[in-house]
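Each remark here refers to the structure printed beneath this line.
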Amino acid sequence: QKVSVEVLDHLEHLALVDFRDSEGVERLQKAIQFADQLHEVNTDGVEPMDSVLEDRCLYLRADDVTEGNCTKELLENAKEKVEEYFVAPPGNIPLPKLEERETFLQGS
């Protein structure tokens, strides 16, 4: 089962992952084949769940703030930041244009 250029483009932008080499595309195809097994599971009459814990009462704990005003120290851990925010994922590479991926996929 081949992965189309459009699907590859969409997944790269969602996951911020580069699938430019044949190993990356092959790994993605195997993951899709593995996940396709879920279509074989009979779910007739099974209600969708919001959470696996929806039949339990979840208790909230009181949070007591004991420290604070440590923004400067926390941001020292950031590889990249804008104003007072972490930039994530750090060091992400720009994805190639759609035409470049079409050329690569034709060779695989």
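The values are calculated or read from the model by the stated rules, or taken from the named source; none is laboratory data. All figures in this text were calculated on a predicted structure; none of them were measured in a lab. Reconstructed Cβ throughout: ideal geometry from the backbone, glycine too, with neighbour counts over all protein chains shown. Remember, those area values only see protein heavy atoms, side chains included, never the ligands or the DNA or RNA. Shrake-Rupley method; radii C 1.70, N 1.55, O 1.52, S 1.80 Å.
Structure notes:
- Ranked from largest to smallest solvent-accessible area, with a 1.4 Å probe on the protein heavy atoms, Arg61, Arg20 come out as Arg61, Arg20.
- Legend: P(r) of the range 1-84 from all alpha carbon pair distances, 5 Å bins from 0, whole percents, reading 2, 9, 11, 10, 8, 11, 13, 15, 11, 9, 2.
- Other residues whose C-beta falls under 14 angstrom from the C-beta of Ala78 contribute a net charge of -2, scoring Lys and Arg +1 and Asp and Glu -1.
- For Lys72, a cut-off of 15 angstrom between C-alpha atoms picks up these aspartates and glutamates, skipping any fewer than 8 places away in its own chain: Glu80, Glu83, Glu84.
- When you work out D = kT/(6 pi eta Rh) for the range 1-40 at 10 °C and 1.306 mPa s, using the Kirkwood radius from C-alpha pairs as Rh and the Stokes-Einstein form, the result is 149 µm²/s.
- The range 1-40, accessible surface, carbon-and-sulfur percent (1.4 angstrom probe): 56 percent
- Taken per residue, the accessible surface of the range 1-40 reaches 78 Å², heavy atoms only and a 1.4 Å probe.
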